[in-house]
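> I have a structure I would like to understand better, so I am pasting it below and will then ask my questions one at a time.
The values are calculated or read from the model by the stated rules, or taken from the named source; none is laboratory data. Not measured: the values here are computed from a predicted model. Don't worry about glycine lacking a Cβ; one is built from the backbone with ideal geometry, like all the others, and counts go over all protein chains shown. We work out accessible area using only protein heavy atoms, side chains counted, and drop any ligands, DNA or RNA first. Shrake-Rupley method; radii C 1.70, N 1.55, O 1.52, S 1.80 Å.
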Amino acid sequence: MDSSAKSVRTLELPPLFDRSSVGTLQGEIESALEAEPDRILLDLGPVERFDSSGMALLIETLRKGRDRGIEIRLRGAGGGVLDFLSLLSVDRLVTVDRERDPRPWIVRLGAVFIPVLDSTESGLRLVGRAIVEFFRDLWTGKTMHRDRFLEEVSHAGNGGMGIVLLIGFLLGLILAMQAWIQLRVFGAVQYIADMVAVSVTREIGPLMAAILVAARSGSSIAAQLGTMTINEEVDALRQMGVHPMRYLVLPKMLALGLATPCLAILFCGAAILGGALFGILAVGIEPGVFLESTRKALKFADLLGCLLKAGVFGFLIASVGCSLGLNVKGGPEGVGRATTGAVVASIFLIIVFDAIFVLALRVSG
Amino acid sequence: MRFLRRRPKIPPGLLRPRPPGKDLLRAVAVTTTFGDRTVLNGIDLAVRKGEIFVILGPSGCGKTTLLRHLSGMLEPTLGSITFEGRNLYLMPECELDRIRQRTGFSFQGGALLTSMSVLDNVILPLLENTDISPEIARQVGRMKLDMVGLLKAAEASPADLSGGMKKRAAIARAVSMDPELVFFDEPSAGLDPVTAAEVDNLILKLNKVFGITMVVVTHDIPSAFTIADRMMILHEGLVLAHGQRDEVRNSEDSTVQDFIHRALPAEEARRGEIMKYLAT
């Protein structure tokens, strides 16, 4: 099959130059290349039939030859082979891809952090513009998109009510159960009511309601705006002189800022009800006593803090969802990334802001 | 087999030559780079009032990017875009918004808001930017939809429209504010020849009846030569030809003629590439 003469090696290709013969030929060509002759002559004369795998081996041989400084020449190529190769950009295909020099560590570090900083910057810019637009609307007396606002409130509030009530009720039940396990040791089961009421209104209520809103509405906002962005709908709005900030973003921010505190209060109510059910039915506390203990434990400041926290969390969730949605790049895959990112970033920010709230309330007494 | 029929002829009354108008939109030395890639390289053009200016070129030559620069959507890396002599990218956002209200844009895929009906899409700019009552806005919207032959689909969802209907709805929305200038991004892309000719006819009608200046980006050669008053051929970010429609059509430049007659120079060049690997 092959013959050699000084530093020229000739390889005769078989009549069937296709995927059935490429495996064997590849080994032969590789050993011919390893011998490092000055020139390899591929004789295509006997080739009767070929396919893409055969042509790929041919191109790969040309590429390896160029890489190793061995001259590769084709002989006896028929019209079919030439027609096939004319569909390709042979020069581009045989160009050797040199691996890029490894980037210095500072550049690699930058490549990780710069996108995070960019999205933080665009998020802050969005919030800033939303606040400016809100006050400008108030100043100029322009009516906000009330119907869009109500639609968003309905989607976030009405739509999320069922799951918030259910989870609140179950969580109240669990909290009461856990409290009973600990408190019965000290004979202080009557404090179940206090414990459920205080922990739910101060911490768990706004936090859980916000997490549920992030999962339901935050992801949906990012997906909706992301899809609108890749379908050029946001560009179309801008081009019509309709500002996406006023038309899309502001109603969502205000709606979530309103709906999340409402859901948090409902969550607290459902959790207290769940705790009460356990306390009254399982532990045997008098309903009147449970109610009185709850009333005494609940302070107006706690309720106010719960509403304030939940409002800020709602505003944060909408900001993250809108920012990631409006900055989607890369088609449907980008929408998926934005949706996941919106939930993760929202929950992270909710926890961070919750810690800030706790610190601020502790400092302010 | 409607799409196999020949393209219907445009009524001759719509094709009369017109006197040159004043420049409405001008691009000077527009250069755009995305990373290491230069998409547009020093493009100059001027669009005159009342004309249909066509930017013709193969896919990926940078024509949609140029249209986005011209419409104020994307700032070029270098160069300037002026509307009535004022640089679009040096003016405050509120002024750019005012200019946007004087222009319309018909996107390639329609970009109709899927959350609302076709009619609501058409009247959205009116409700947002003017003080007219919703009743009047709806009537204007119905008129515009009637003009593009879509009145029956007024209450339909954009998702239920065919490709040609989406384009026509997008055109109705683009002209809902009676703009002075409308940008069209590939108005005939993805349409069968008959529907494409209907869209061409509509563009010509709107231009003739309302005197709207139009900038059309297309890769459809027959469509470009049907509607253009003046045109520009872009190739790999550079201007291959620029001028009156007939000047471009009769250009003696062989690359222009190759493009117009859809020759395949790339295949010849590629055949040449393999020749150097053949043993003599």
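> Within 14 Å of another protein chain (Cβ to nearest Cβ) and without any contact (Cβ under 8 Å) to a residue 40 or more places away in the chain, is that true of A:Ala32?
No: the conditions fail for A:Ala32.
> So is B:Leu78 within 19 Å of A:Met245 (Cα to Cα) and open to solvent by 40 Å² or more (accessible area, probe 1.4 Å) or not? So that I can check it myself, show each step before the final result.
Working: within 19 Å of A:Met245 (Cα to Cα): no; open to solvent by 40 Å² or more (accessible area, probe 1.4 Å): yes.
No.
> May I pose another question? Might you let me know whether the stretch A:195-217 holds any residue that is surrounded by 20 or more Cβ atoms within 10 Å (Cβ to Cβ) and within 30 Å of B:Gly110 (Cβ to Cβ)?
yes
> Right, next: Check every one of the strands (runs of 3 or more DSSP E) wholly within the stretch A:1-80 and list those with 2 or more residues that are more than 18 Å from B:Leu278 (Cα to Cα).
Ranges flagged: A:2-5.
> I would also like to ask the following. Give me the pairs: first residue in the stretch A:286-315 and in contact (Cβ under 8 Å) with a residue 60 or more places away in the chain, second residue surrounded by fewer than 20 Cβ atoms within 10 Å (Cβ to Cβ) and of a type in the set (Phe, Trp, Tyr), beta-carbon distance under 6 Å, and six or more apart or on different chains, which are they?
A:Lys309/A:Phe357
> For the stretch A:210-233, which positions are closer than 22 Å to A:Val343 by Cα and either within 14 Å of chain B (Cβ to nearest Cβ) or more than 21 Å from the chain's Cα centre (by Cα) (or both)? Show your work before the answer.
First, pick out the residues of the stretch A:210-233 that are closer than 22 Å to A:Val343 by Cα: A:210-230.
Hits for the stretch A:210-233 are A:Ser220, A:Ile221, A:Ala223, A:Gln224, A:Leu225, A:Gly226, A:Thr227, A:Met228, A:Thr229, A:Ile230.
> Can you find, within the stretch B:162-194, the residue that is most open to solvent (accessible area, probe 1.4 Å) among those that are outside any strand (DSSP E or B), of a type in the set (A, V, I, L, M, F, W, C) and within 14 Å of chain A (Cβ to nearest Cβ)?
B:Met177
> Now for a separate question. Would you say A:Leu138 is open to solvent by 90 Å² or more (accessible area, probe 1.4 Å) and among the aliphatic types (A, V, I, L, M)?
When the stated conditions are applied, A:Leu138 passes them.
> For the stretch B:214-254, what are the residues that are touching a helix residue (DSSP H, G or I) at 6+ places or on another chain (Cβ under 8 Å) and among the polar types (S, T, N, Q)?
B:Thr218, B:Ser223, B:Thr226, B:Ser251
> I'd like to verify a number: residues in the stretch B:128-142 that are open to solvent by less than 60 Å² (accessible area, probe 1.4 Å) and either among the hydrophobic types (A, V, I, L, M, F, W, C) or assigned to a helix (DSSP H, G or I) (or both), how many?
Number of matching residues: 5.
> Turning to a different aspect of this structure: Would you mind telling me which numbered condition in (1) facing chain A (nearest Cβ under 10 Å); (2) assigned to a loop (DSSP other than H, G, I, E, B); (3) open to solvent by less than 60 Å² (accessible area, probe 1.4 Å); (4) under 26 Å from B:Lys49 (Cβ atoms) B:Ile99 fails?
All conditions are met except number (2).
> Please work out if B:Arg48 is within 22 Å of the chain's Cα centre (by Cα), within 14 Å of chain A (Cβ to nearest Cβ) and over 30 Å from B:Ala159 (Cβ atoms). Show your work before the answer.
Values: within 22 Å of the chain's Cα centre (by Cα): yes; within 14 Å of chain A (Cβ to nearest Cβ): no; over 30 Å from B:Ala159 (Cβ atoms): yes.
Taking the combined requirement at face value, the residue does not satisfy it.
> Restricting attention to the stretch A:58-78, does a residue exist that is touching a Gly at 6+ places or on another chain (Cβ under 8 Å) and away from chain B (no Cβ under 11 Å)?
no
> In the list A:Leu237, A:Leu281, which residue meets the criterion of being in a helix (DSSP H, G or I), without any contact (Cβ under 8 Å) to a residue 40 or more places away in the chain and touching a helix residue (DSSP H, G or I) at 6+ places or on another chain (Cβ under 6 Å)?
A:Leu237
> Now a separate question. Scan the stretch B:80-109 for residues that are touching a Gly at 6+ places or on another chain (Cβ under 6 Å) and of a type in the set (Asp, Glu) and jot them down.
B:Asp97 - this is the single residue of the stretch B:80-109 that is touching a Gly at 6+ places or on another chain (Cβ under 6 Å) and of a type in the set (Asp, Glu).
> Here's something else I'd like to know. Which of the numbered conditions does B:Leu206 fail, given that it passes all the others? Conditions: (1) open to solvent by 40 Å² or more (accessible area, probe 1.4 Å); (2) more than 14 Å from chain A (Cβ to nearest Cβ); (3) modelled with pLDDT under 90.
It fails just one condition, (1).
> Here are some residues: B:Leu145, B:Leu119. Which one is more than 14 Å from chain A (Cβ to nearest Cβ), part of a helix (DSSP H, G or I), in contact (Cβ under 8 Å) with a residue 24 or more places away in the chain and over 21 Å from B:Phe184 (Cβ atoms)? Can you show your working first?
Working: B:Leu145 fails: over 21 Å from B:Phe184 (Cβ atoms).
Answer to the selection: B:Leu119.
> Is there any pair with a first residue in the stretch B:29-58 that is assigned to a strand (DSSP E or B) and a second that is charged (D, E, K, R) and surrounded by 18 or more Cβ atoms within 10 Å (Cβ to Cβ) whose Cβ atoms are under 6 Å apart and which are 6 or more apart or on different chains, and what are they?
So the pair list comes out as B:Ala46/B:Arg26; B:Ile52/B:Asp229; B:Phe53/B:Arg230; B:Ile55/B:Lys63.
> Picking from A:Ala310, A:Ala282, which residue would you name as being of a type in the set (Gly, Ala, Ser) and surrounded by fewer than 19 Cβ atoms within 10 Å (Cβ to Cβ)?
A:Ala282
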